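**Q** My questions all concern the structure below.
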Amino acid sequence: MKKWIKGLVAAVIILGIGWYFERRPSPLDLPEEIRLILSAPDSVKASRTLGFMADSAADSPKALQAFYEKETNSVVVPRGAAERVAAIITLEDRKSATRSKCIYRPGFVMTFIRSGEKSIDIFFCFECGGMVMKISGQTDPQDLGMMTTYQAELLAIFKKLFPEDPKIRAL
């Protein structure tokens, strides 16, 4: 009987170790070209979305599209902040199986630009915590899931980028 218990304990330990290595934080599975742009951009800019600026709550397709259009008045994102945002975006532990019950209305976008390559827009909805990626030249955005435990940190970064914006200060 003791051998049976030892075998059971060993099996539980092995399964636990396997579960840990399967679930540990790992980079999000993104194509190499996307990873390269996020990890080594030539520049990164942040903007508010036109839908956020218009304070639109309408659900018409045109009104919702405005949340995926950037204002022209963007700010340069400091290198450290851009690196941290890129790191958060690519962490697997940031993802959540929980999906937002609302329709994303992102208020802010960060654009990662690499000369001669595609640019990547990451849209952030701080009301529901969702993130969406849109690659230049593509029409369909990709849902990146929820910000989860990183939402407060990401919001703090955007508050530093737009310190005079009353809407972001209210979030």
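Every number in this text was worked out from the coordinates using simple rules, so none of it is lab data. Given the structure is predicted, the values throughout are model-derived calculations rather than measurements. Don't worry about glycine lacking a Cβ; one is built from the backbone with ideal geometry, like all the others, and counts go over all protein chains shown.
**Q** Just the C-alpha atoms of segment 29-170: what Rg/Rh do they give, with Rh taken as the Kirkwood radius? Mind showing how you got there, number by number?
**A** Numbers: Rg = 14.1 Å, Rh = 15.2 Å.
Across segment 29-170, the Cα-based Rg/Rh ratio is 0.93.
**Q** Can I ask one more? Less than 11 Å Cβ to Cβ from residue 78, Lys/Arg counted +1 and Asp/Glu -1: what total charge do the surrounding residues give? Please report the intermediate quantities before stating the final value.
**A** Working: positive: 79, 84, 160; negative: 83.
Once all neighbours under 11 Å are counted, the net charge is +2.
**Q** Amide H neighbours of residue 127 under 5 Å, at least 5 residues apart or on other chains, H built in the peptide plane: list them.
**A** none
**Q** Still on this structure, I have one more. Would you mind ranking 111, 49 so that the residue whose beta carbon has the fewest other beta carbons within 10 Å leads the list?
**A** Numbers: 111 19, 49 23.
Going from sparsest to densest Cβ surroundings: 111, 49.
**Q** Can you pull the percent of Cα pairs in segment 129-171 with separation above 13 Å?
**A** Across segment 129-171, Cα pairs with separations above 13 Å total 63 percent.
**Q** Return the long-range amide H neighbours of residue 77 (sequence gap of 5 or more, or a different chain), with a cut-off of under 5 Å between placed amide H atoms.
**A** 44, 45, 46
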